[in-house]
Amino acid sequence: MMHSRIPVSKTVTVAGAHASAASATSFLLRGPISVIDYRCGAGPGDKPFIEYHDRFSVSYVRKGSFGCVTRGRAYELVAGSVLAGHPGDEYMCTHEHHDCGDECLSFQFTPELIETTGGWAEIWSARGVPPLSEMMVLGELAQSVAQGSSNIGLDEVALLFAARFAQVVPGWKRATPPARAADRRRAVEAALWLDAHAHEPVGLESAASGAGLSPSHFLRLFAKVLGVTPHQYLVRSRLRRAARLLADEDRPITDIALDVGFGDLSNFVRSFHRAAGVAPRGFRRAAKGDRKIFQDRLAAAR
């Protein structure tokens, strides 16, 4: 799957017939900033190939999963993860664990723009980043903007996403120990299940049982492969859905909190504020066009 090139459609031969493996839709191609929607239908039977980043990029995974090998390290990316790209770096995406493909929203920036930000270029590297709540809520806001449900400019939210990446990700350091293919598959399938059932009461034992593992083994395996614990991923999946609903709908915040799986409003407000840097009400105002909220955040990040 191509996460950092100019939009194209890619076809490969599958079972003797041509099938669309990846498609791209440009939401924004404006000088130094591009925002492109990628949808990939590749599965375990499709042979991976080497690609190259030609811009600085951060691609938000909104659905599905895929693997990525870059700079000698392997990552498993699920909904909420981010794939970062650095110009000139090569990468290879794999789809060995399931056949449901993936969807990403990619923010791409020219080197000239990144150089003007005063330090982003020095910390930016090609890598996979686990689902972090700070990135997930902005990823959902960006998706809402791209689909026309918000009055924020797409270039504004692209820069905000990049600024948050530059703030949050450099402090995240995790060794990536090797894991067997079967273990990686179990962890990815468990993440897909957790994401689909995040609005329900889900405990460690039930999730572990679904993966056919003991709770302790499941906890270690999930964190080893995906970089977050099952509970962290569950909470962040709820926050991701809440961000999208806050941006798209006018329903009461209490209803949204309950619908996404939070049983307590105060817990939801605290968790969301930690992730977004603003309370749910302020996030909704920003999504509806109050630019000052996010402009202040962007200015502080530079």
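The values are calculated or read from the model by the stated rules, or taken from the named source; none is laboratory data. These numbers come from a predicted model, not from an experiment. Positions of Cβ are generated from backbone atoms using ideal geometry, with glycine treated the same way; all protein chains shown enter the neighbour counts. Each accessible area value is taken on the protein alone, full model and side chains, heavy atoms only, with ligands, DNA and RNA left out. Shrake-Rupley method; radii C 1.70, N 1.55, O 1.52, S 1.80 Å.
Of the residues making up the range 89-106, those that are out of contact with any Asp or Glu (no Cβ under 8 Å at 6 or more places or on another chain) and either more than 19 Å from Pro44 (Cβ to Cβ) or surrounded by fewer than 24 Cβ atoms within 10 Å (Cβ to Cβ) (or both) are Asp89, Thr94, Glu96, Asp99, Cys100, Gly101. Cβ separations smaller than 8 Å between residues 6+ apart or across chains give the following pairs from the range 32-59 residues that are farther than 20 Å from Gly101 by Cβ to residues that are of a type in the set (Lys, Arg) and at pLDDT 90 or above: Ser34/Arg55. Exactly one residue out of Leu194, Leu246, Leu221 is more than 30 Å from Gly118 (Cα to Cα), assigned to a helix (DSSP H, G or I), open to solvent by less than 20 Å² (accessible area, probe 1.4 Å) and in contact with a Leu (Cβ under 6 Å, 6 or more places away or on another chain), and it is Leu194. Against the criterion of being modelled with pLDDT under 85 and not polar (S, T, N, Q), Val169 qualifies. Here the condition is being in contact with a Ser or Thr (Cβ under 9 Å, 6 or more places away or on another chain) and at pLDDT 95 or above; of Leu226, Leu245, Leu239, Leu258, it holds for Leu239 alone.
Apart from one condition, Arg274 fits all of (1) open to solvent by less than 70 Å² (accessible area, probe 1.4 Å); (2) out of contact with any Gly (no Cβ under 6 Å at 6 or more places or on another chain); (3) charged (D, E, K, R); the exception is (1).
When Ala300 is tested against the conditions (1) open to solvent by less than 40 Å² (accessible area, probe 1.4 Å); (2) hydrophobic (A, V, I, L, M, F, W, C); (3) modelled with pLDDT under 90, the lone failure is (1). Kindly list the number of the only condition in (1) among the β-branched types (Val, Ile, Thr); (2) under 16 Å from Val137 (Cα atoms); (3) surrounded by fewer than 16 Cβ atoms within 10 Å (Cβ to Cβ) that fails for Thr229. Checking Thr229 against (1) among the β-branched types (Val, Ile, Thr); (2) under 16 Å from Val137 (Cα atoms); (3) surrounded by fewer than 16 Cβ atoms within 10 Å (Cβ to Cβ), the one that fails is (2). The residues of the range 48-81 that are out of contact with any Cys (no Cβ under 9 Å at 6 or more places or on another chain), buried (at least 22 other Cβ atoms within 10 Å of the Cβ) and closer than 24 Å to Asp183 by Cβ, listed by number, are Thr70, Val78, Ala79, Gly80, Ser81.
Would you pick out the residues in the range 112-158 that are without any contact (Cβ under 8 Å) to a residue 40 or more places away in the chain and under 21 Å from Leu234 (Cβ atoms)? If the condition is that a residue be without any contact (Cβ under 8 Å) to a residue 40 or more places away in the chain and under 21 Å from Leu234 (Cβ atoms), then no residue fits. Restricting the range 16-37 to residues that are surrounded by fewer than 22 Cβ atoms within 10 Å (Cβ to Cβ) and closer than 20 Å to Gly88 by Cα leaves a set whose member that is modelled with the lowest pLDDT is Gly31.
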